[in-house]
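The block underneath contains the structure these notes are about, expressed in structure tokens.
What follows draws every value from the coordinates through simple rules; no lab data is involved. Since the structure is predicted, the reported quantities are computational estimates derived from the model, not experimental observations. Please note: Cβ atoms are built from the backbone with ideal geometry, for glycine as well, and neighbour counts cover all protein chains shown.
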Amino acid sequence: MLVYCAVRLAHIGLFPAFVDEVGYITWTRSINLGSFSGAAYAYLGGKPLLPWLIAPFMPLQNGLWIARVVIVLMGVPALAAILMTGRTLFDSRVALSAGVIYTLLPLAFFYDRLMMSDPMSADLGMVAIWLSILSVKSRRPSHAILAGIIIGTAMLVKLSTGVVAAAPLLAAGLLVLRRDWIIGTLARIYAIPAAIVAVLAAGLGKLTAYGMEITVRWYVTDNSLTIFQRAANAASDYLSWMQVYVGLPVLILAAVGFVWGIIRRDRPTLVAGLLLGLIDLQFAVVGGNPFPRYYLLGMALLVLLACAAAWQSYDALRRRSSRGLAEVPILGLAALVAAPMLGFIVQAYTAPQDLPLPQIDREDYIRDRFAGFGAVDAAAWLKNAARTGRPLTILCAHSLVCDRLDIYLYGTPGIEYASIDMVSPGWLATSRKSGVIHAPAARQFIRCIRSRPERSGCPYGPVHSCQPELLALSQITPPLVGSLT
């Protein structure tokens, strides 16, 4: 656990704030300030519980660092769930090796260090899977009720996590021989998730319908494609992404282990493999805009399958070879798996802008306008400018730009924000005549203006008493274009 926290927390603030983090932190801050607008946006986005889970830990300043630390700490019970699930389904060797690999796994490492809904829902989903297995094996009502609570909580963090509700059924069908008592256990597990589904489906009328529409928009695809075409496209993307984030050795081991489990009719392997298939297929069958981070939910199960296959191979080699020879291939396999993972982590600590991410994530997190590179430098310059004691008004071509700067500037005295979501040609012409420096870069720009009480009539609303005179910065596209004027 300590190694997991150390790996995740080291240099956790080095990577700039991603656009989703900006939104979630803005929601959370609005709740802490007594406004429920953030809660409403979270609900409409299909993540109604997300800001409420972060809000108790979020001070008004240092929000990005605090939020990321909370995400890392939520991964601790998830790691414990991986260890317990591995020991319950397989053995202690599989559990321990799966915990080590998951700690180093680039996909989990990268996203667990960001304040995103995906790592949080994946953590809760893994805990829900373990509690589901524990409930059907222990037959204790308290375990079943707790499993239902965690499944329901995971759904409220991100609705697509509801697929883990299949875990109790799979565990009951494959791991329990006597089923005369299982109906009561399943009823206790599903009572809370069923109530949540009922509230989401009918409790808030049009608001709920709109929220579901926004959420489903990211999962439902073009009906012109057949299920098989969608599955083929998703499988191609999955393999290309996971070669980078997981590695071919782990993917091959997991596939071989699952096929071998089907042949041997190994029930624990079937539970893990079928549940992994359901989690990933929800995006393959109905997913219109899948991203690599969506698959984080099933990564622990994939790692468990790979480790189980590795140890089964080791046991087979040991029975057929002289003492000591079986350790050679298992050690070589461990080095083959761990070396690229360690290289990814070192790169994240030293030069995150050069991380070998898949193309889709490299565009989103490093090169695209949604990435945060450049914002830190811009915020540092603005903070220094504010120390002169003269008030600054930051004009943003989109409210998101203001929100992103506010992540780093929150609480800095003398700074105000004004958002111009639609910059018209007329506004630009008027701004040039009044002396505003205009140097747009990429798709958006940030404008900083010194205020002078003796001047008035600025051509943007709301009206400020100011004389535009200072600078234009590019919108967070590395390297910082436009610099300071």
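Only sites in a loop by DSSP and with at most 16 other Cβ atoms within 10 Å count here; which trypsin sites (Lys or Arg not before Pro) in segment 105-181 make the cut? Write down the numbers at each step before the final one.
On the way: sites: Arg113, Lys137, Arg139, Lys158, Arg178, Arg179; in loops: Arg113, Arg139, Lys158, Arg178, Arg179.
Answer in residue order: Arg139, Arg178, Arg179.
Taking the Cβ of Ile407 as the center, what net charge do the other residues with Cβ under 13 Å away carry, scoring Lys and Arg +1 and Asp and Glu -1? If you can, show how the numbers build up before the last one.
Details: positive: Arg29, Arg68, Lys383, Arg404; negative: Asp20, Glu21, Asp403, Asp406.
So the surrounding residues net to 0.
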Euclidean distance of C-alpha centroids, segment 1-32 and segment 232-254, integer Å: 27 Å
Quick check on segment 275-359: take the gyration tensor over C-alpha atoms, sort the square-rooted eigenvalues as a ≥ b ≥ c, and tell me if it's rounded (a/c under 1.5), prolate or oblate. oblate
Can you list the aspartates and glutamates whose alpha carbon sits under 19 Å from that of Lys158, skipping same-chain ones fewer than 8 residues off? Asp20, Glu21, Asp112, Asp118, Asp123, Glu213, Asp280
Out of Ser117, Ser92, Leu14 - ranked by how far each Cα lies towards the positive end of the dipole of segment 3-133, with unit charges on the beta-carbon of charged residues - the top one is Ser92
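Relative to the present Cα-Cα distance, how much length would full extension add between Gln61 and Arg387 at 0.36 nm per residue of separation? Before the final figure, lay out the partial values.
Details: separation 326, 0.36 × 326 = 117.36 nm, distance 1.76 nm.
Full extension from Gln61 to Arg387 adds 115.6 nm.
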If amide hydrogens are placed 1.01 Å from N in the peptide plane, which non-local residues have theirs closer than 5 Å to the one on Leu392? Ile415, Glu416
Let's see if you can work this out: charge +1 on each Lys and Arg Cβ, -1 on each Asp and Glu Cβ, no other charges. What is the dipole magnitude of segment 298-405 about its Cα centre, in debye to the nearest 20? 240 debye
Gln312 neighbourhood, Cβ < 14 Å, K/R = +1, D/E = -1, net charge +2
Using θ = phi - 60° and the Karplus form 6.51 cos²θ - 1.76 cosθ + 1.60, what ³J(HN,Hα) does each residue of segment 266-277 get, whole Hz, x for Gly and Pro? 7, 5, x, 5, 5, 4, 5, x, 5, 5, 4, x
Most packed first (mean Cβ within 10 Å per residue), the peptides 295-301, 10-16 order as 295-301, 10-16
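Set the Förster distance to 56 Å, then compute FRET efficiency between Ala351 and Ile183 from the Cβ-Cβ distance, nearest 0.05.
The calculated FRET efficiency here is 0.50.
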Summed residue charge, Cβ within 10 Å of Ala122's Cβ, Lys/Arg positive, Asp/Glu negative: -1
Taking the Cα centre of segment 2-354 as origin, work out the dipole magnitude from +1 charges on Lys and Arg Cβ and -1 charges on Asp and Glu Cβ, in debye rounded to 20. 1020 debye
Could you give the distance between the Cα centres of segment 53-75 and segment 112-136, to the whole Å? 18 Å
Trp52 versus Ala10: modelled label distance in nm, points set 7 Å from Cα along the beta carbon direction: 3.8 nm
